[in-house]
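The next block holds one structure in the form of structure tokens; read it before the comments.
All of the numbers you see were taken from the coordinates with simple rules; none came from a lab. Since the model is a prediction, treat every value here as computed from it, not as a measurement. Heads up, the Cβs are rebuilt from the backbone with ideal geometry, glycines too, and the neighbour counts pull from every protein chain shown.
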Amino acid sequence: MPELPEVETSARGLRLKILGLRAVWVGGVDWPRMLPNTTEADLSDTLCGHTVTGVDRRGKYLLLGFDHDAWLCVHRKMSGNLLLQPRTIAPPLHTHLDVAFDDGTAIRFVDPRKFGRVYLFRSADERDDFLGERLGPDSLVDLDELTLAARLQRRKGRIKSLLLDQAFLAGVGNLYADEALWQSRIHPLRTADSLSRPEIKRLSQAIRGVLIAAIERRGTSFSASYRDAEGEPGEGQAFLNAYGREAEPCPRCGTRINRILVGARGTHFCPRCQPVRPRRRAAALRSQ
Ligand SMILES: [Zn+2]
């Protein structure tokens, strides 16, 4: 599933190419359920004749702003990709929305599994109300040790599950949660209230670190489904330390990476580097 680095990579690619372009045609909707708060006709009436003035990202949502403060808000879910192509090329299989611009290019929303969603908002306030109800602090822009410590206070859930909760922290999904927990040496089943302050600091730095590194690699195409705006895969898959590496040696200590289910999500970790019970706590228990 595209997570923050993949959406950020797409946003940066699109920003270079579509700012200032005018939408001239909207169509191609063959899956109305992907439009929870609008229709093809509504999109066409609202967007045609208007110029793209902003390309942004919040959590895993990609935002396209237009000159009259209308916003297209795209969540790619499992397999959605936004491709910028010449209109002369036929839309790829599984294209569910096509927005054409006055320079002869078009954005195609291509989503074989059909879980992706596209929303239309008529003002930044309407957009922010929607996103505010769903998203906690952005894990790239807003995250630091103090923010994470404050969010973890009074929470008792498993840290892995909390990291996947977009209302807790926006942008991290299954892959980067596993990588950040491996990086910070925290077992995925640890409870939020068991984390020490140094662990919280390590975790906040690890989350930002793995996201920034993945953005520099233009995202991770683990399941071969993610593509950037030009249709290219990312390069992050060659740099994974834990995710998808079940039974392979941990790059830090050589122990085999384990895979368990946490909240029905496949979760990868090193049982030696990421002990269920950290040494300091185990030592304290032994001395009792
Ligand atoms: Zn290890």
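Here the chain is treated as a sphere whose radius is the Kirkwood value from Cα pairs; by Stokes-Einstein at 4 °C and 1.567 mPa s it diffuses with a coefficient of 65 µm²/s. Ranking of CYS270, CYS48 by neighbouring Cβ atoms within 10 Å, starting from the fewest: CYS48, CYS270. Within the stretch 79-95, which residues have the backbone N less than 14 Å from the label spot 7 Å out from GLU40 along Cα→beta-carbon, could you tell me? It comes to 91, 94-95, nothing else. Taking Cβ atoms as reference points and 10 Å as the exclusive limit, the residues near PHE101 contribute a net charge of +1, counting Lys and Arg as +1 and Asp and Glu as -1.
A DSSP coil position with no more than 15 other Cβ atoms inside 10 Å describes the following chymotrypsin sites (Phe, Trp or Tyr not before Pro) in the stretch 62-159: PHE115.
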